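Reading through the structure tokens given below for one structure.
Quick note: the coordinates plus some simple rules give every number you see, no bench work behind them. From a predicted model like this one, the values you see are computed outputs, not experimental measurements. A quick note on method: Cβ atoms are made from the backbone with ideal geometry, for glycine too, and the neighbour counts reach across all protein chains shown.
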Amino acid sequence: MSIKETILKDCFIIDPKVFKDKRGYFLESFNQESFQKATGLQIDFVQDNESFSTKGVLRGLHFQKGKYSQAKLIRVISGEILDVVVDIRPDSPTFLQHFSIKLSSNNKKQLFVPKHFAHGFLVLSETAIINYKCDEYYHKESESGIIYNDRHLNIDWLLESKDFILSEKDQKLPSCRELFSIKG
């Protein structure tokens, strides 16, 4: 398993070792000891989530506030997505910077998203199944988010926004300016 830090501190790309033969393949999707050794982070996942979406579905950018903030490990079981994270830690040198990566069932890469990051994804394939582990339980009263097309973030989602399919809730998320009192 290869674990590399992204341009955002504490956010890692995990590239598992895949063992293939005539029967198919095997991979270890997570090993707490290896992860801790490579990152210095102690993570205890408590909840697994799975989502099925069709091409153009954009989910995000979501996060939970305060003590309910979640670290996540994202992987694609089927299809391909553009996975996007935003550092929303005000004291971080990469505050309000984002990172994106294509995750797919073909490349088998995973993305570790630390606490206090916003997270979202756009489905690039006809359909996609996404699985993610969380280190904190979902807490409805703590949910929040940033609008996907925030001017300050200027995220390249790779597809035309006219083709996006968003929930009503995601269409009404606030901007960075509204959330973090940014000028301009």
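Which of the residues spanning region 77-125 are among the charged types (D, E, K, R) and touching a Ser or Thr at 6+ places or on another chain (Cβ under 7 Å)? Those that are among the charged types (D, E, K, R) and touching a Ser or Thr at 6+ places or on another chain (Cβ under 7 Å): GLU80, ASP83, ASP87, LYS115. List the pairs whose first member sits in region 30-55 and is of a type in the set (Gly, Ala, Ser), whose second member is surrounded by 10 or more Cβ atoms within 10 Å (Cβ to Cβ), and whose Cβ atoms are under 6 Å apart, counting only residues at least 6 apart or on separate chains? Here the result reads SER34/MET1; ALA38/ILE3; SER51/ILE130; SER53/VAL123; SER53/ALA128, each pair linking region 30-55 to a residue that is surrounded by 10 or more Cβ atoms within 10 Å (Cβ to Cβ).
Here LEU159 meets each of (1) under 18 Å from SER53 (Cβ atoms); (2) part of a loop (DSSP other than H, G, I, E, B); (3) touching a Ser or Thr at 6+ places or on another chain (Cβ under 7 Å) with one exception, condition (3). The numbered conditions (1) polar (S, T, N, Q); (2) part of a strand (DSSP E or B); (3) surrounded by fewer than 16 Cβ atoms within 10 Å (Cβ to Cβ) are all true for ASN154 except (2).
Inside region 20-48, residues that are aromatic (Phe, Trp, Tyr) and surrounded by fewer than 10 Cβ atoms within 10 Å (Cβ to Cβ) make up a count of 1. Regarding region 1-11, can at least one residue be identified that is assigned to a strand (DSSP E or B) and more than 24 Å from PHE95 (Cβ to Cβ)? For region 1-11, residues assigned to a strand (DSSP E or B) and more than 24 Å from PHE95 (Cβ to Cβ): present. When restricted to residues that are buried (at least 16 other Cβ atoms within 10 Å of the Cβ), over 11 Å from the mean Cα position of the chain (by Cα) and not β-branched (Val, Ile, Thr), region 116-133 contains 4.
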